[in-house]
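A short worksheet on the structure shown next.
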Amino acid sequence: MNAEVLFLAADGGGTKCLARLAHAKGETLGNGRSGPANVRRGLPQAFAAIMDATAQCFEAAALAPDYSRVVACLALAGAGEPDIQAELARYAHPFGAAIFTTDSHAACVGAHRGEDGGVIIAGTGSIGEAIVRGVRHRVGGWGFPVSDEGSGAWLGLETVRRALWALDGRASASPLLDEVACRFDRDPNAITRWASEAEPADFGTFAPLVFRHAGEGDTVARELVTSAACHVERIAEALLLLGTPRLALMGGLAKPLEPWLSAAVKRSLVRPAGDALDGGLQLARNAFSGRRIDETF
């Protein structure tokens, strides 16, 4: 590495991968956006998205794509799993240096500028993470469909499930369930065929529909959103019990979910000082200078 080192942060989740390239002095040079980069879906797919977003950063900066100059922090959903950690450590990336961590870790660092605090990410998936007295703590986020409660994917799965119930006559119809059923020509077989191949991001496409119908008073939609908020509150309560001094709610569902949270949880929330890309850049700079906020993973 030399004085012309560049820093890159990538924030990869179940729906999209965002990237930011910065000068050593901290100035943002370019941003990029590409498709999903959840490493649970395979490293080749994740790295294809990372490199696409990275190339966009270099193009926006009007720089030749010399990745050997780059110190990267790749903050990816699913990267905390031990077997995936081992795969990442062996992966032949093109960067001069790279550290790998989870998107929730980078978000936590960015939200609180590396100070003690916690985050709840509610997007395609969901997870809670906190740094308390320099120690990282995780709650949830073990992967869809067994975990990630309260997320967009979870909301979509529960909505599709209820649409099947209504078509069976096991539950009352509602405007939300009717709209979902009509997307499949009211054919349960079409729903099950789609669901057998759908990714978390596909289920997540139903989340905006659920929030819209909840706002219009649909009973089923309101029940689903209330349940999602309860799952987020359980994550918040677990983090607060660990001594987390403050929480930031982040992710694509943060804004629509917040009004549905209890007053007690709302009082613990602060606006994030930065995002996962800010946190990733800070972690990359720390790795380059030999400093640490906490360990990766």
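The values are calculated or read from the model by the stated rules, or taken from the named source; none is laboratory data. Here the structure is a predicted model, which is why all the values come from computation and not from measurement. Cβ sites come from the backbone with ideal geometry, for glycine too, and all protein chains shown count toward neighbours. Just so you know, the surface numbers come from the protein's heavy atoms only, side chains and all, with ligands and any DNA or RNA stripped out. Shrake-Rupley method; radii C 1.70, N 1.55, O 1.52, S 1.80 Å.
Summary table below
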| item | result |
| --- | --- |
| Square roots of five times the Cα gyration tensor eigenvalues for the chain, Å | 36, 22, 15 |
| Highest-MSF residue in the chain out of Ala86, Ala22, Ala55 [GNM, Cα springs under 10 Å] | Ala86 |
| Mean Cβ count within 10 Å, highest first, over the residues of peptides 104-113, 89-98 | 104-113, 89-98 |
| Environment charge at Pro175 (Cβ cut-off 11 Å; Lys +1, Arg +1, Asp -1, Glu -1) | -3 |
| Most positive-pole-ward Cα, Leu239, Thr219, Ala195, against dipole of region 160-295 from beta carbon charges | Leu239 |
| Selected from Val146, Val160, Val270 as most flexible by GNM, with the chain as the system and alpha-carbon contacts under 10 Å | Val146 |
| Computed magnitude of the charge dipole of region 176-297 (debye, nearest 20; Cβ of K, R +1, Cβ of D, E -1) | 660 |
| Furthest towards positive pole of dipole, Val160, Leu209, Ala248, structure part the chain, Cβ charges | Ala248 |
| Under-5 Å amide H pairs with Leu253, H placed in peptide plane, nonlocal only | Ala122, Gly123 |
| Within region 1-144: Cβ-based charge dipole about Cα centre, in debye rounded to nearest 20 (Lys, Arg +1; Asp, Glu -1) | 160 |
| Under 15 Å from the Lys25 label point (7 Å along Cα→beta-carbon), backbone N, region 59-102 | none |
| Rg over Rh [alpha-carbon atoms, Kirkwood Rh] for region 1-156 | 0.97 |
| Unit charges on C-beta of K, R, D, E only; dipole of the chain, Debye | 600 |
| Vicinal HN-Hα couplings computed from phi for region 37-46 (Karplus, 6.51 cos²θ - 1.76 cosθ + 1.60; Hz; Gly/Pro x) | 9, 7, 5, 5, 8, x, 5, x, 5, 4 |
| Glu87 - accessible surface, heavy atoms, 1.4 Å probe, Å² rounded to 10 | 80 |
| Gain in span if fully extended, Glu216 to Tyr91, counting 0.36 nm per residue against the direct Cα distance | 40.2 nm |
| Within the accessible area of region 35-175 (1.4 Å probe), percent carbon and sulfur | 54 |
| Rounded to 5, percent antiparallel among DSSP beta bridges of the chain | 60 |
| Selected from Trp165, Trp154, Trp142 as most flexible by GNM, with the chain as the system and alpha-carbon contacts under 10 Å | Trp165 |
| Lysines with Cα under 19 Å of Lys16, excluding same-chain neighbours fewer than 8 positions away | Lys255 |
| Among beta bridges that DSSP assigns inside region 58-215, antiparallel share in %, nearest 5 | 70 |
| Highest to lowest packing among 171-180, 31-40, 254-263, scored as the average C-beta count within 10 Å | 31-40, 171-180, 254-263 |
| Solvent-accessible area per residue for the chain (1.4 angstrom probe, square angstrom) | 44 |
| Projected label distance in nm at Cys182 and Gln45, using a 7 Å step from Cα toward the beta-carbon | 3.1 |
| Helical mean residue ellipticity (222 nm; -39500 (n - 2.57) per DSSP H run of 4+; nearest 500) of the chain | -13500 deg cm²/dmol |
| Virtual spin-label span in nm between Ala264 and Ser147, 7 Å along Cα→Cβ | 2.4 |
